[in-house]
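Visitor: The structure under discussion is supplied below as structure tokens; questions concerning it will follow.
The values are calculated or read from the model by the stated rules, or taken from the named source; none is laboratory data. Small disclaimer: the values here were computed from a predicted structure and weren't measured. Here Cβ is always computed from backbone atoms with ideal geometry, including for glycine, and neighbour counts include all displayed protein chains. Note: areas computed on protein heavy atoms with side chains; ligands, DNA, RNA excluded. Shrake-Rupley method; radii C 1.70, N 1.55, O 1.52, S 1.80 Å.
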Amino acid sequence: MSAPVMTEVPAKSLVSPEFFARLSRRVAKVHGLELGEAEKVTDQTLAYVATSAQKAPGTGTLSPSPEVDKGLHCFLEYTEAYDAFFTSHGWPKVHHHPWDDEGREYESAAVVIPRTMAAIRAAGYVLHPEQWQADAVDCSDDSDGKGGNPLPCGDHG
């Protein structure tokens, strides 16, 4: 008897095709990306928030990469859809927590990004490693789509 094979699923399957297209177009427009690249960002954003909502206690902080954070901030703009995403799956909402507590030490990208990538894989979502490149995780400014904006904002464990 062989072990069952788990097939990874694209996280875009967690929302309607119409909303996925709408959110991807928003990511493309706001961040000046080609639509195909924006779709990858959007898919990984959905994988990140779904994984964060379902993570086991004691997993530790998960955080998006700077690239995935672009999608997260766009998703947060659709407040009703963002709330409905969690409600429709029966998951607790993943809140936005900027990494800006003065004097607090946050985990480095070298620790938190591999943990997040492993959690996404373990949750069964397709992972696009090129979307997870990060030298730092920091969220010390407000996000207005211009230079000097924050990098990732973690779920804070």
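Visitor: Based on the Cβ-Cβ distance of residue 9 and residue 78, what FRET efficiency does E = 1/(1 + (r/R0)^6) give at R0 = 22 Å, to the nearest 0.05?
Guide: Efficiency for this residue pair is about 0.50.
Visitor: Sort the stretch 35-100 into rounded, prolate or oblate with this rule: let a ≥ b ≥ c be the square roots of the eigenvalues of the Cα gyration tensor; rounded if a/c is under 1.5, and if a/c is not under 1.5, prolate when a/b is larger than b/c, oblate otherwise.
Guide: oblate
Visitor: While we're on this one: Ignoring any ligand, DNA or RNA, what whole percent of the accessible area of the stretch 15-68 comes from carbon and sulfur when the probe is 1.4 angstrom?
Guide: 52
Visitor: Rounded to the nearest whole Å², what accessible area per residue is found for the stretch 1-122 with the 1.4 Å probe?
Guide: Counting only protein heavy atoms, the per-residue value for the stretch 1-122 is 55 Å².
Visitor: For residue 55, list the lysines whose Cα falls under 29 Å from its own Cα; do not include residues on the same chain fewer than 8 positions away.
Guide: Cα-Cα hits under 29 Å: 12, 40, 70, 93.
Visitor: Please identify which residues in the stretch 45-64 have an amide N closer than 13 Å to a label point set 7 Å out from the Cα of residue 86, following the Cα→Cβ vector.
Guide: 49-55
Visitor: Separate question: Sort 101-113, 118-130 for me by packing, meaning the mean count of neighbouring Cβ atoms within 10 Å per residue, highest on top.
Guide: 118-130, 101-113
Visitor: Sticking with this one: Between residue 108 and residue 130, what is the label-point separation in nm under the 7 Å Cα-to-beta-carbon projection?
Guide: Those two pseudo-labels are separated by 2.7 nm.
Visitor: Okay, moving on. Once you sort the root eigenvalues of the Cα gyration tensor of the stretch 17-57 as a ≥ b ≥ c, which label holds: rounded (a/c under 1.5), prolate (a/b larger than b/c) or oblate (the other case)?
Guide: It is prolate, given that a/c is not under 1.5 and a/b is the larger ratio.
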